[in-house]
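These notes are about the structure you will find just below.
The values are calculated or read from the model by the stated rules, or taken from the named source; none is laboratory data. All values derive from a computational prediction rather than experimental measurement. Note: ideal-geometry Cβ built from the backbone for every residue, glycine included; neighbour counts use all protein chains shown. Please note that ligands, DNA and RNA were not included when accessible areas were found on the heavy atoms of the full protein model with its side chains. Shrake-Rupley method; radii C 1.70, N 1.55, O 1.52, S 1.80 Å.
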Amino acid sequence: MTTHLEPVIFGERPLRIEDVLALANRQAPTQLQGDAAYRQRIAKGAQFLDSLLDKEGVIYGVTTGYGDSCVVAVPLQHVEALPRHLYTFHGCGLGKLLDAQATRAVLAARLQSLCHGVSGVRVELLERLHAFLEQDVLPLIPEEGSVGASGDLTPLSYVAATLSGEREVMFRGERRQAADVHRELGWTPLVLRPKEALALMNGTAVMTGLACLAFARADYLLQLATRITALNVVALQGNPEHFDERLFAAKPHPGQMQVAAWLRQDLAIDAPTAPLHRLQDRYSLRCAPHVLGVLADSLNWLRSFIEIELNSANDNPIIDAEAERVLHGGHFYGGHIAFAMDSLKTLVANVADLLDRQLALLVDVRYNHGLPSNLSGAPADRAMINHGFKAVQIGTSAWTAEALKNTMPASVFSRSTECHNQDKVSMGTIAARDAIRVLELTEQVAAATLLAANQGVWLRAQAEDARPLPPALAAMHAALAKDFPPVIEDRALEGELRLCLQRIAEQHWRLHA
């Protein structure tokens with residue numbers, strides 16, 4: 001594990017999206033707040049529940065069944081068995097497994113929520129959940145099966161079960177039985193106390209963990225799309241005055257102004273420019289700040305929605321040990337994350353559409369202002385058999401179309417479930433998974449358009465009257481040249497596109513501050 005960041009401390013201090021990202025990427029150590037006062041506050045919730053059991057109090061999910069079965073009393077002799085039954089009957093997830101990065105984000109989100117001390121769990125449960133993160137013991141979690149209220153019940157049942165030594169985990173690169181890994185680490189599997197399985201499962205950790213990852217990817221994609229646009233302004237001999245500071249002072253959306261400022265920086269707009277070929281470029285260049293600016297301006301409120309959810313107690317019931325009250329509510333409802341992710345996927349798909357239109361201009365001799373057809377670098381005597389980026393542009397159209405198709409909002413598809421107890425649900429986890437998929441597709445569009453833009457810049461540089469690139473773009477062009485040589489004779493570009501996607505995932509290129 002690379003540890004170049006300060007420790008991420010779970011406890012009373014709020015976490016940021018960047019903390020979850022660092023944990024998801026194994027880039028930071030973790031700590032669990034350990035002062036005596038905090039440990040006592042956590043323990044007090046579990047002790048209060050025990051005292052209610054001694055009095056035979058009625059507590060949802062502790063002395064009753066779950067969901068619509070809340071009217072079914074559970075005799076005290078069966079209360080201890082109820083948590084295991086909860087995670088057992090929810091073991092019905094399907095679909096692909098969450099990858100390691102997403103699983104770590106889920107564990108971090110659930111631990112942070114339970115650290116509020118109002119979920120009625122023991123300190124020992126927090127310690128074991130923290131140990132899972134620290135030792136990188138990753139439950140194998142199917143990504144499908146949650147409607148986002150009553151929380152991420154089915155996927156989170158795999159966390160509860162593996163903490164109890166059941167089901168499977170990924171450990172040191174191998175798929176293992178959770179019980180075997182417990183023995184290897186010298187741990188005794190937890191026997192979950194009343195309310196603990198419910199506290200683990202009845203929350204929004206899966207959608208929130210995925211939302212943190214989606215936010216970070218979108219933030220980098222915004223900067224990358226701006227850099228690609230700058231390269232395309234050069235490749236297409238565009239008009240840099242479209243990004244003039246005085247122009248954007250007349251319509252001062254902050255994010256839009258920021259994108260325009262990045263473009264001015266990349267294009268060194270204050271430096272002498274060549275005579276302009278036209279007053280106005282097509283919209284995919286001229287209006288790039290207006291398209292990308294909507295994403296830029298939305299990131300602040302998206303962050304707010306995600307981080308408030310991350311730093312909330314989002315299970316039910318809430319245990320107020322200080323006032324000795326059990327508060328029944330609906331904090332498991334993931335509406336804010338659902339709306340944030342439905343919004344994000346629309347914002348990101350618009351980035352795909354923008355870059356797809358730029359690529360369409362690059363390859364078309366009617367609109368690329370003198371570049372060769374399909375950006376082929378072949379000499380004249382071989383031009384007729386070379387097709388450059390023709391198929392890449394077709395693939396990009398396919399990826400863009402799929403991204404746009406996936407922008408249908410998930411949150412409006414609430415289904416009444418569980419005998420009409422869960423009669424209005426958030427679909428937040430589906431929205432988050434959709435957002436991740438739209439990001440995957442848009443990053444593919446970005447990779448293709450980046451390589452094409454770099455080819456276009458290289459082709460312009462072959463001209464006798466070629467002007468030197470602005471410093472930021474010259475550095476980017478040189479960095480890309482190390483991995484992606486010019487396409488002169490046709491070659492299969494899949495490997496290079498995949499390498500470019502890997503670079504994007506690593507946030508390899510230093511872009512805008």
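Computed packing ranks the peptides 125-134, 299-308 as 125-134, 299-308, most packed first, by mean other Cβ atoms within 10 Å.
For the range 412-466, trypsin sites (Lys or Arg not before Pro) meeting the loop criterion (DSSP other than H, G, I, E, B) and having at most 11 other Cβ atoms within 10 Å: R415.
State whether the range 354-513 is rounded, prolate or oblate according to the following rule on the C-alpha gyration tensor (a ≥ b ≥ c being the square roots of its eigenvalues): a/c under 1.5 gives rounded; otherwise a/b larger than b/c gives prolate, and the remaining case gives oblate.
prolate
Helix 153-163 versus the longest principal axis of the chain: what is the Cα-based angle in degrees, 0 to 90, to the nearest 10? Between helix and principal axis, roughly 70 degrees.
On a per residue basis, the range 93-227 carries 27 Å² of accessible surface, using protein heavy atoms and a 1.4 Å probe. With K and R counted +1 and D and E -1, the other residues having a Cβ less than 12 Å from that of H328 yield a net charge of -1. In a fully extended conformation the segment linking R467 and R172 would gain 101.0 nm over its present Cα-Cα distance, using 0.36 nm per residue. Note on E134 and M408: the extension gain reaches 94.9 nm, defined as 0.36 nm multiplied by sequence separation minus the Cα-Cα distance. In order along the range 298-306, the Karplus-derived 3J(HN,Hα) couplings, from 6.51 cos²θ - 1.76 cosθ + 1.60 at θ = phi - 60°, round to 8, 4, 5, 6, 4, 4, 4, 4, 5 Hz, and Gly and Pro are given as x. Between E124 and D270, the simple spin-label model (points 7 angstrom out along Cα→Cβ) gives 6.5 nm. Comparing Cα centroids, the range 282-328 and the range 361-427 end up 28 angstrom apart. Remark: the range 488-505, residue by residue, has Karplus-estimated 3J(HN,Hα) of 9, 8, 3, 8, 5, 9, 4, x, 6, 4, 5, 5, 4, 4, 5, 4, 5, 4 Hz, where x stands for each Gly or Pro and the curve is 6.51 cos²θ - 1.76 cosθ + 1.60 at θ = phi - 60°.
Phi angles of the range 245-252 translate, via the Karplus equation with coefficients 6.51, -1.76, 1.60 and θ = phi - 60°, into HN-Hα couplings of 4, 5, 4, 7, 5, 7, 9, x Hz per residue; Gly and Pro are given as x.
Database remark: amide H of T30 closer than 5 angstrom to the amide H of V8 (H placed geometrically; neighbours at sequence offset of 5 or more, or on other chains; Pro and chain starts carry no H).
Sorting the segments 199-207, 347-355, 385-393 by their residues' average number of neighbouring beta-carbon atoms within 10 angstrom, most packed first, yields 199-207, 347-355, 385-393. Once the Cβ-Cβ distance of R13 and R415 is raised to the sixth power relative to R0 = 30 Å, the FRET efficiency obtained is 0.20.
Database remark: amide H of E168 closer than 5 angstrom to the amide H of L140, A178 (H placed geometrically; neighbours at sequence offset of 5 or more, or on other chains; Pro and chain starts carry no H).
As a rough guide to protection, the peptides 473-479, 374-380, 244-250, 450-456 ranked by mean Cβ packing within 10 Å, highest first, stand as 450-456, 374-380, 473-479, 244-250. Ignoring ligands, DNA and RNA, what percent of the 1.4 Å accessible area of the chain is carbon and sulfur? About 54 percent, which is the carbon plus sulfur part of the accessible surface. Taking Rg and Dmax of the Cα atoms in Å straight from the coordinates, which label in (1) 26.5, 92; (2) 22.5, 81; (3) 31.9, 119 is the correct one? Evaluating Rg and Dmax of the Cα atoms in Å on these atoms matches (1).
With 25 Å as the limit, the listed pairs K345/K424; K44/K424; K405/K482 have K44/K424; K405/K482 beyond it between alpha carbons. For the range 432-513, the per residue solvent-accessible surface stands at 48 Å², with DNA, RNA and ligands left out and a 1.4 Å probe.
Approximating the spin labels as points 7 Å out from Cα along Cα→Cβ, the D244-to-K424 distance works out to 5.1 nm.
Each helix, a run of at least 4 DSSP H residues, gives -39500 (n - 2.57); summed and divided by the residues of the chain, these come to -17500 deg cm²/dmol at 222 nm.
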